[in-house]
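The values are calculated or read from the model by the stated rules, or taken from the named source; none is laboratory data. The model shown is predicted, which means the values in this text are computed figures rather than measured ones. Every residue, glycine as well, gets a Cβ built from its backbone with ideal geometry; the counts of neighbours run over all protein chains shown.
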Amino acid sequence: MSRLPTGFEALEPFVDAWSRDDFQARFEARFESGMDDIRAFYDVMEPRANAALEHLEQYPLDAIPAESATLFKMLMALAHVAVAVERHNQPGPKNVTWPTTLRVTQGSSPS
(Lines give C-alpha, C1' and ligand atoms only; values in the text may rest on other atoms or scores of the structure.)
Protein backbone atom coordinates (compact mmCIF):
# COMPACT_ATOMS: atom_id res chain seq x y z
CA MET A 1 0.00 0.00 0.00
CA SER A 2 1.42 3.38 -1.01
CA ARG A 3 1.81 6.16 1.51
CA LEU A 4 1.55 8.70 -1.32
CA PRO A 5 -1.25 9.81 -3.64
CA THR A 6 -1.78 7.96 -6.91
CA GLY A 7 0.75 9.05 -9.50
CA PHE A 8 3.59 9.55 -7.04
CA GLU A 9 4.52 5.90 -6.47
CA ALA A 10 8.10 6.47 -7.69
CA LEU A 11 8.72 8.53 -4.53
CA GLU A 12 7.77 5.69 -2.18
CA PRO A 13 11.38 4.48 -1.58
CA PHE A 14 12.23 7.96 -0.25
CA VAL A 15 9.35 8.43 2.20
CA ASP A 16 11.11 7.09 5.29
CA ALA A 17 14.19 9.24 4.76
CA TRP A 18 12.65 12.49 3.52
CA SER A 19 9.05 12.78 4.75
CA ARG A 20 9.95 14.66 7.92
CA ASP A 21 7.41 16.45 10.08
CA ASP A 22 8.97 19.89 10.27
CA PHE A 23 11.67 22.24 9.03
CA GLN A 24 14.18 21.23 11.70
CA ALA A 25 13.86 17.51 10.91
CA ARG A 26 14.28 18.18 7.17
CA PHE A 27 17.25 20.44 7.85
CA GLU A 28 18.90 17.72 9.93
CA ALA A 29 18.14 15.04 7.32
CA ARG A 30 19.91 17.09 4.67
CA PHE A 31 23.02 17.69 6.75
CA GLU A 32 23.19 14.10 7.98
CA SER A 33 22.75 12.50 4.53
CA GLY A 34 25.42 11.74 1.99
CA MET A 35 25.36 13.40 -1.42
CA ASP A 36 24.53 10.10 -3.15
CA ASP A 37 21.31 9.83 -1.11
CA ILE A 38 20.52 13.52 -1.54
CA ARG A 39 21.10 13.33 -5.30
CA ALA A 40 19.00 10.16 -5.67
CA PHE A 41 16.04 11.83 -3.94
CA TYR A 42 16.49 15.07 -5.88
CA ASP A 43 16.64 13.26 -9.23
CA VAL A 44 13.30 11.53 -8.59
CA MET A 45 11.47 14.34 -6.79
CA GLU A 46 12.47 17.41 -8.81
CA PRO A 47 10.78 16.35 -12.07
CA ARG A 48 7.57 15.69 -10.11
CA ALA A 49 7.56 18.97 -8.18
CA ASN A 50 5.08 20.80 -10.44
CA ALA A 51 2.69 17.85 -10.42
CA ALA A 52 3.00 17.68 -6.62
CA LEU A 53 2.17 21.38 -6.32
CA GLU A 54 -0.84 20.99 -8.59
CA HIS A 55 -2.05 18.03 -6.52
CA LEU A 56 -1.58 19.85 -3.20
CA GLU A 57 -3.30 23.05 -4.33
CA GLN A 58 -6.68 21.30 -4.24
CA TYR A 59 -6.59 21.04 -0.42
CA PRO A 60 -6.58 23.61 2.36
CA LEU A 61 -3.45 23.21 4.47
CA ASP A 62 -5.48 22.30 7.55
CA ALA A 63 -7.55 19.61 5.76
CA ILE A 64 -4.96 17.76 3.71
CA PRO A 65 -5.37 13.95 3.48
CA ALA A 66 -2.59 11.83 5.02
CA GLU A 67 -1.13 10.67 1.69
CA SER A 68 -1.06 14.24 0.43
CA ALA A 69 0.52 15.45 3.68
CA THR A 70 3.33 12.99 3.05
CA LEU A 71 3.75 14.42 -0.45
CA PHE A 72 3.79 17.95 1.03
CA LYS A 73 6.62 16.93 3.37
CA MET A 74 8.53 15.42 0.45
CA LEU A 75 8.14 18.66 -1.50
CA MET A 76 9.44 20.64 1.47
CA ALA A 77 12.41 18.25 1.66
CA LEU A 78 13.10 18.97 -2.01
CA ALA A 79 13.53 22.64 -1.12
CA HIS A 80 16.23 21.63 1.35
CA VAL A 81 18.12 19.22 -0.88
CA ALA A 82 17.92 21.47 -3.94
CA VAL A 83 20.30 23.87 -2.22
CA ALA A 84 22.75 21.04 -1.59
CA VAL A 85 22.53 19.82 -5.20
CA GLU A 86 22.21 23.04 -7.16
CA ARG A 87 24.40 25.34 -5.10
CA HIS A 88 26.78 23.62 -2.71
CA ASN A 89 27.39 20.17 -4.27
CA GLN A 90 27.58 18.89 -0.70
CA PRO A 91 25.02 18.54 2.11
CA GLY A 92 25.82 21.90 3.66
CA PRO A 93 27.63 25.07 2.70
CA LYS A 94 31.37 25.26 3.13
CA ASN A 95 32.61 26.57 6.46
CA VAL A 96 29.42 25.64 8.33
CA THR A 97 29.97 23.56 11.42
CA TRP A 98 27.71 20.56 11.89
CA PRO A 99 25.93 19.94 14.09
CA THR A 100 24.81 23.51 14.30
CA THR A 101 23.09 25.30 17.16
CA LEU A 102 20.42 26.63 14.77
CA ARG A 103 16.96 25.37 15.77
CA VAL A 104 13.84 26.36 13.87
CA THR A 105 10.87 25.97 16.19
CA GLN A 106 7.92 27.31 14.17
CA GLY A 107 6.71 27.02 10.62
CA SER A 108 3.85 25.93 8.36
CA SER A 109 2.99 22.29 7.95
CA PRO A 110 -0.15 20.26 7.53
CA SER A 111 -1.79 19.12 10.76
Failed item in (1) free of Cβ contacts under 8 Å to residues at least 24 places away in the same chain; (2) buried (at least 16 other Cβ atoms within 10 Å of the Cβ); (3) out of contact with any Phe, Trp or Tyr (no Cβ under 7 Å at 6 or more places or on another chain); (4) aliphatic (A, V, I, L, M), with Leu11 passing the rest: (1)
Restricting to region 26-36, give me the number of residues that are of a type outside the set (S, T, N, Q) and crowded, with 18+ Cβ neighbours inside 10 Å. 4
Looking at region 1-60 only, could you name the residues that are part of a loop (DSSP other than H, G, I, E, B), of a type outside the set (S, T, N, Q) and either farther than 12 Å from Lys73 by Cβ or modelled with pLDDT of 95 or more (or both)? Met1, Leu4, Pro5, Gly7, Phe8, Gly34, Glu57, Tyr59, Pro60
For Ala84, are the conditions met, namely being assigned to a helix (DSSP H, G or I) and under 16 Å from Ser2 (Cα atoms)? no
